[in-house]
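Worksheet: the structure to be examined is printed underneath.
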Amino acid sequence: MEGDVEELNTLVDEVLTYGKLEGGSLELNFKELSISQLIDEILQHNHLLLQHLTVNVSIDPADIVEADEHHISRALQNLILNASKYAASTITVSFSQDSERWQLDIEDDGPGIPFEDRDKVFIPFQRLDNSRTRASGGYGLGLAIVQRIAFWHGGAVLIDESESGGAKFSFIWSRNQHQKTVS
């Protein structure tokens, strides 16, 4: 019964988070962050879930971004843990930037996502693998939340094929979003 209560609490938290992100009642607190340190903290916090994989990180420790720390951390953690569910042995996390945007790529060497299914993964409560149970597969809100966090950061999430054959998720956000008034 205790496990069921915890599962219900998690579902309520996910639904409330998605509701805030979708409904526009979100206040973001943009600040300068070390993207390298943020990724390191996510990896350390989830080391037990990632211990069976090799996680390659290609980020310069000097790279600084502006973002809402809580929400961007949540989005990147969702993407990394999602990659860990499907990776055969390796996850690669890399960062790039230009004058307009920042981009974090999270790739795995798993089965990938067919082109025709890529938009479906962002639909709330949608799961591509019907054989997955709630215990192993979550609620189908994680990637929908990631997409909304990217939107609130003036960006988007793109899906492509990884060089290793799996999925590549690119979380892209604007370098100028913190200067705009979000309503």
Answer with yes or no whether ASP68 is open to solvent by less than 60 Å² (accessible area, probe 1.4 Å), on the phi < 0 side of the Ramachandran plot, free of Cβ contacts under 8 Å to residues at least 60 places away in the same chain and among the charged types (D, E, K, R).
no
Just checking, how many residues over the stretch 51-65 are β-branched (Val, Ile, Thr) and either part of a helix (DSSP H, G or I) or buried (at least 16 other Cβ atoms within 10 Å of the Cβ) (or both)?
3
Does GLY165 qualify as being surrounded by fewer than 19 Cβ atoms within 10 Å (Cβ to Cβ), in contact with a helix residue (DSSP H, G or I) (Cβ under 7 Å, 6 or more places away or on another chain), part of a loop (DSSP other than H, G, I, E, B) and at pLDDT 80 or above?
no
Select, from LEU38, LEU48, the only residue that is assigned to a helix (DSSP H, G or I) and surrounded by 15 or more Cβ atoms within 10 Å (Cβ to Cβ).
LEU38
Considering the stretch 128-150 alone, what residues qualify as being modelled with pLDDT under 75 and β-branched (Val, Ile, Thr)?
THR133
Of the residues in the stretch 80-127 that are open to solvent by 60 Å² or more (accessible area, probe 1.4 Å) and either within 18 Å of THR54 (Cα to Cα) or part of a helix (DSSP H, G or I) (or both), the one that is modelled with the highest pLDDT is ALA88
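The values are calculated or read from the model by the stated rules, or taken from the named source; none is laboratory data. Bear in mind that the values here come from a model prediction, so they are computed numbers and not experimental data. Reconstructed Cβ throughout: ideal geometry from the backbone, glycine too, with neighbour counts over all protein chains shown. Remember, those area values only see protein heavy atoms, side chains included, never the ligands or the DNA or RNA. Shrake-Rupley method; radii C 1.70, N 1.55, O 1.52, S 1.80 Å.
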